[in-house]
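In what follows, a structure is listed as structure tokens, so that the remarks can point back to it.
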Amino acid sequence: MRVLRRTWRLRTARLALAVLALVAFLAVAGGAVAPADPLAQHPADMLQGPGAQHLLGTDYLGRDVLSRLLAGTGPSLVGALESVGAAMVIGIVPGLASVWLGRTVEWTTQRAADTLMIMPFTVFAIAVVGALGNGMHQAMLALGVLFAPLYFRVTRAAALGLKQAQYVEAAELMGASRWWILRTHVWGKVLPTIAVTTAQTVGQALLVVSSLTFLGLGVQPPAPTWGGMLASDLGYLAQQPWAPLIPGIAIMITVGALNLLADAIRDGGAPVARRDPGISVPAGDVTAVRQRPALTRTPTPPPPTAPEEEEAEGRVATV
């Protein structure tokens with residue numbers, strides 16, 4: 001909760017959340033608020049520019065671009081979230097298990113993660129779609145498998161640092177179960193790191209989903225998607241050179257908002273330096289500052305001047 005409160009105080013976090021809230025609304029109700037049917041074709045209105053009837057113009061089949069952009073928000077964003085959700089399930093659990101279940105599980109999970117990290121996203125997704133059929137769920141499952149090593153490594157790194165903490169070792173000595181330790185001492189401290197990773201990964205997944213739909217994988221035309229709109233607009237650059245900018249800007253704004261949110265969560269969970277004097281204290285840890293004894297410095301005497309040195313030498317000589 002402290003991390004959430006500190007994150008909400010940041011202006012960039014509020015801006016990013018406002019943009020993402022709008023994108024989420026369009027993902028749920030984009031087809032309902034669209035001014036026209038995104039699939040309706042009007043050959044008489046092909047390749048028209050922006051106007052009163054079509055605010056963003058029409059495509060090569062006379063379909064309203066604004067309606068297709070709004071209706072395509074849902075499949076694009078839901079596909080990215082589906083792949084990230086699969087990656088979290090596949091990556092987080094083995095990441096925690098590799099720390100707490102012995103060397104055999106650790107070696108096996110690390111080798112599996114290393115194998116998946118060298119596979120290219122697009123080629124693996126095409127192979128899975130070719131084997132299981134061309135569908136959104138198959139493609140997103142393939143992406144989730146390839147994003148899983150990222151969650152595995154992040155979770156494992158955070159859990160390794162917490163396993164050596166004194167309160168975790170004390171709980172183990174007192175006979176606490178591994179599940180209780182994970183639930184009480186580990187999960188709450190690993191969660192902010194996972195939140196930062198999730199915000200960044202959703203942006204990456206959205207780019208990969210757009211690339212796959214650009215190639216015609218996952219969602220079949222004429223269903224609108226941002227990547228599919230890019231693919232269809234590239235064939236008519238001579239008539240509408242500005243057309244690919246519309247879905248491109250939508251992708252750029254959404255990914256930028258996700259990256260801003262990730263940076264804000266990271267800043268909200270990072271320790272804030274409190275000068276006392278020169279000692280850093282984690283943000284919100286006011287008790288540590290109040291209970292810390294005041295540091296006093298013994299004043300150092302100034303160096304003796306030349307007459308004082310001569311007088312001191314004279315006293316030593318007489319002695």
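Checked against (1) buried (at least 18 other Cβ atoms within 10 Å of the Cβ); (2) at pLDDT 85 or above; (3) touching an Asp or Glu at 6+ places or on another chain (Cβ under 8 Å), Ser232 meets all criteria but (2).
Evaluated against (1) free of Cβ contacts under 8 Å to residues at least 40 places away in the same chain; (2) within 16 Å of the chain's Cα centre (by Cα), Met117 falls short on exactly one condition, (2). For the stretch 43-60, filtered to residues that are surrounded by 15 or more Cβ atoms within 10 Å (Cβ to Cβ) and without any contact (Cβ under 8 Å) to a residue 24 or more places away in the chain, the residue that is nearest to Pro244 (Cα to Cα) is Thr58.
Of the residues making up the stretch 128-153, those that are open to solvent by 40 Å² or more (accessible area, probe 1.4 Å) and in contact with a helix residue (DSSP H, G or I) (Cβ under 8 Å, 6 or more places away or on another chain) number 6.
Looking across Val208, Val202, Val196, Val186, one residue alone is open to solvent by less than 40 Å² (accessible area, probe 1.4 Å), more than 20 Å from Val65 (Cα to Cα) and touching a Ser or Thr at 6+ places or on another chain (Cβ under 8 Å). It is Val208. Would you check if Gly31 is of a type outside the set (Ser, Thr, Tyr) and open to solvent by less than 40 Å² (accessible area, probe 1.4 Å)? Criteria not met by Gly31. Looking at this structure, is Tyr167 within 22 Å of Leu96 (Cα to Cα), in contact (Cβ under 8 Å) with a residue 60 or more places away in the chain and among the aromatic types (Phe, Trp, Tyr)? In short, no.
Return yes or no: is Leu160 open to solvent by less than 50 Å² (accessible area, probe 1.4 Å) and touching a helix residue (DSSP H, G or I) at 6+ places or on another chain (Cβ under 8 Å)? In short, no. With respect to (1) under 18 Å from Val219 (Cβ atoms); (2) at pLDDT below 85; (3) open to solvent by 30 Å² or more (accessible area, probe 1.4 Å), the lone exception for Glu82 is condition (2).
The values are calculated or read from the model by the stated rules, or taken from the named source; none is laboratory data. Computed from a prediction, not measured in an experiment: that's the story for all the values here. Here Cβ is always computed from backbone atoms with ideal geometry, including for glycine, and neighbour counts include all displayed protein chains. Side chains included, ligands, DNA and RNA excluded: accessible areas come from the protein's heavy atoms. Shrake-Rupley method; radii C 1.70, N 1.55, O 1.52, S 1.80 Å.
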